[in-house]
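A.B. asks: This is the structure, below, for whatever I ask next.
Coordinate-derived values only; no laboratory data. As the structure is a prediction and not an experimental result, all values here were calculated from the model. Cβ: placed from backbone, ideal geometry, glycine included. Neighbour counts: every protein chain shown.
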Amino acid sequence: RYFTKTQEFDGMPKVIDFKIVEEEIDDDLKDKEILGEAIYISVDPYTRYAVYYNVPPGAPIIGFQVIKVTKSKNPKYFVGEKIMVHGGWRTTCKVDDEQVWYKVDKISGIDTSVFVGALGMPGMTAYCGFLEICQPKEGETVFVNGCAGAVGNLVGQIAKIKGCKVIGCCGSDEKIKFAKSIGFDDVFNYKTCKDYPGILKKMAPNGVDCFFDNVGGRMSTDVLACMNVGGRISVCGAISAYNSKTLGQGLSTGLSSSKMLRNQLLMRGFGVGQFKDKFPEALKHMIQWIQEGKLKIHETTTKGFENTPQAFIDMLSGGNIGKA
Ligand code: NDP
């Protein structure tokens, strides 16, 4: 079974925009192919726009999952092993080397689900997108929006490990409590905050050195006004725009060039795949930090394959804490 879209999304996706399709999968595998059953499926914001641009009607919705191998013609992967793949929203998938990210090693104290979160794509995004682009130094101030989500909560925790002061914002008081429980120094609710630059100046009186941007839009422009000379901005996502009817329009941040110029700011967007060479190092450190108790794992889990669209919509609407 797999999910496909019944129609183009109009603003926030709805459950009726999706349907389950049943198909017969030919288990006569070609060289390097692997067949597996889904254990955990990841719901991610990028699916919102990737489906719009790249998934024709009838095709499976794309996404990451951990599968258990049931048949293999790939010498690297054996029956019974678990692997993290870009296999889509499907119960059974046939993948080749191109779609395999890596094996899900048995690691003491770490659940399999973590391989779609902190040890999966969002974890690699947080580690590489933050450390490679922001290059944080001890004592610096870091600001992260979307700070209770899959990527944001990890960026905040990594920044604390690196000895930074960490400020965040998110969409509910429950999330503020969560972010503080994992080490954020100060957090505010962007939905109830009336003076965004004002609260930032109060929480980061010495200015912001590193800004990890998950959200984009007007609020991100306001953060620029608080950035210190030599500040670094990692543009990870623009979720505030993903459900806008004209996707492109919402992606504009209204960037203030004079601020960039005067404060010699560095702003860089990235796609996590470009850091593939860094994944082994990232995995090593993330595993070590989890085992040492320095990196806490939090997940929002939905049971039942048929509930995948609802889990996706809930995540886009802010229903998740940590990885969905
Ligand atoms: P999250 O787990 O953070 O879930 C999405 C969250 O976004 C929601 O819980 C909600 O939290 C918040 N949100 C939704 N709408 C808005 C809005 N209009 N304004 C502000 N916040 C909003 O998702 P991920 O951690 O997986 O992804 C975070 C960002 O990172 C996304 O933009 C995503 O596209 C990007 N990303 C980029 C990658 C890359 O390679 N560049 C790879 C992976 C992710 P709240 O309650 O706080 O509003």
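A.B. asks: Could you give the length gained by full extension between GLU23 and PHE78, i.e. 0.36 nm per residue of separation minus their alpha carbon distance, to one decimal place?
C.D. replies: Gain on stretching GLU23 to PHE78: 17.4 nm.
A.B. asks: Counting alpha carbon pairs within less than 8 Å and at least 6 residues apart, what relative contact order, in whole percent, applies to the chain?
C.D. replies: Value for the chain: 17 percent.
A.B. asks: Each label point is 7 Å from the Cα along the Cα-to-Cβ direction; what then is the distance between the points at LYS278 and VAL229, in nm?
C.D. replies: Roughly 2.7 nm, to one decimal.
A.B. asks: Just to check, using Stokes-Einstein with a Kirkwood Rh over alpha carbon pairs, what's the diffusion coefficient of the range 40-98 at 4 °C and 1.567 mPa s in µm²/s?
C.D. replies: My calculation gives 104 µm²/s for D.
A.B. asks: While we're on this one: With 10 Å bins from zero, work out the P(r) of the range 66-113 over every alpha carbon pair and list the percent per bin.
C.D. replies: Result returned by the calculation: 26, 58, 16, 0.
A.B. asks: Can you divide the C-alpha Rg of the range 1-152 by 2.2 N^0.38 Å and report the result to two decimal places? Could you put the intermediate results ahead of the total?
C.D. replies: Values: Rg = 17.5 Å, N = 152, 2.2 N^0.38 = 14.8 Å.
Normalised Cα radius of gyration, the range 1-152: 1.18.
A.B. asks: Next up: Across the range 121-273, what fraction of all alpha-carbon pairs, as a whole percent, falls in each successive 5 Å bin from zero upward?
C.D. replies: Per 5 Å bin, starting at zero, the Cα-Cα P(r) for the range 121-273 comes out as 2, 10, 21, 24, 23, 14, 5, 1, 0 percent.
A.B. asks: Spelling out what I want: for every residue of the range 308-324, take phi, set θ = phi - 60°, compute 6.51 cos²θ - 1.76 cosθ + 1.60 (Karplus), and round to whole Hz; glycine and proline get x.
C.D. replies: 4, x, 5, 4, 5, 5, 4, 5, 5, 8, x, x, 9, 10, x, 7, 8
A.B. asks: For the chain, set up a Gaussian network in which alpha carbons nearer than 10 Å are linked by springs, and say which option among SER172, SER181, SER108 fluctuates the most.
C.D. replies: SER108
A.B. asks: Each residue of the range 193-208 in order: what ³J(HN,Hα) in whole Hz does its phi give by Karplus 6.51 cos²θ - 1.76 cosθ + 1.60, θ = phi - 60°, with x for Gly and Pro?
C.D. replies: In residue order, the calculated couplings are 6, 8, 10, 4, x, x, 5, 5, 5, 6, 6, 10, x, 8, x, 10 Hz.
A.B. asks: Still on this model: Once amide H atoms are built 1.01 Å from N in the peptide plane, which residues 5 or more positions from PHE270, or in another chain, come under 5 Å H to H?
C.D. replies: For PHE270, whose amide H was placed from the backbone, the distant partners under 5 Å are VAL235.
A.B. asks: In whole Hz, what ³J(HN,Hα) sequence does the range 172-178 give by Karplus (6.51, -1.76, 1.60; θ = phi - 60°), x for Gly and Pro?
C.D. replies: For the range 172-178, the Karplus-derived couplings read 7, 5, 4, 5, 4, 4, 4 Hz, x marking Gly and Pro.
A.B. asks: Separate question: Indicate the gyration tensor shape class of the range 78-166 (rounded, prolate or oblate), computed on the Cα atoms with a ≥ b ≥ c the square roots of the eigenvalues: a/c under 1.5 is rounded; otherwise a/b larger than b/c is prolate and the rest oblate.
C.D. replies: Cα axes put the range 78-166 in the prolate bin.
A.B. asks: So what is log10(I(q)/I(0)) for the range 120-174 at q = 0.16, 0.18 1/Å, when the Debye sum runs over its Cα atoms only?
C.D. replies: The calculated log intensity ratios at q = 0.16, 0.18 Å⁻¹ are -0.42, -0.53.
A.B. asks: Shifting gears a bit: In a Gaussian network model over the chain where Cα atoms closer than 10 Å are linked, find which of THR192, THR301, THR221 has the largest mean-square fluctuation.
C.D. replies: Looking only at THR192, THR301, THR221, the biggest GNM fluctuation is shown by THR192.
A.B. asks: As an exercise, identify the GluC sites (Glu not before Pro) in the range 85-175 lying in DSSP coil whose Cβ has no more than 10 other Cβ atoms within 10 Å.
C.D. replies: Details: sites: GLU98, GLU132, GLU138, GLU140, GLU174; in loops: GLU138, GLU140.
For GluC sites (Glu not before Pro) across the range 85-175 that sit outside H, G, I, E and B with at most 10 neighbouring Cβ atoms in 10 Å, the list reads GLU138.
A.B. asks: Could you give the length gained on full extension between GLU306 and GLN7, defined as 0.36 nm per residue of separation minus the Cα-Cα distance, in nm?
C.D. replies: Computed gain between GLU306 and GLN7 is 105.9 nm.
A.B. asks: Here's another thing I want to ask about it. Under Stokes-Einstein, with the Kirkwood radius over Cα pairs standing in for Rh, what whole-number D in µm²/s applies to the chain at 10 °C and 1.306 mPa s?
C.D. replies: In µm²/s, the coefficient rounds to 78.
A.B. asks: State, as an integer percentage, the relative contact order of the range 136-241 based on alpha-carbon contacts under 8 Å between residues 6 or more apart.
C.D. replies: 26 percent
A.B. asks: Sticking with this one: Say we join alpha carbon atoms closer than 10 Å with springs in a Gaussian network model of the chain; which of ILE199, ILE176, ILE62 then has the biggest fluctuation?
C.D. replies: Highest fluctuation of the listed residues: ILE199.
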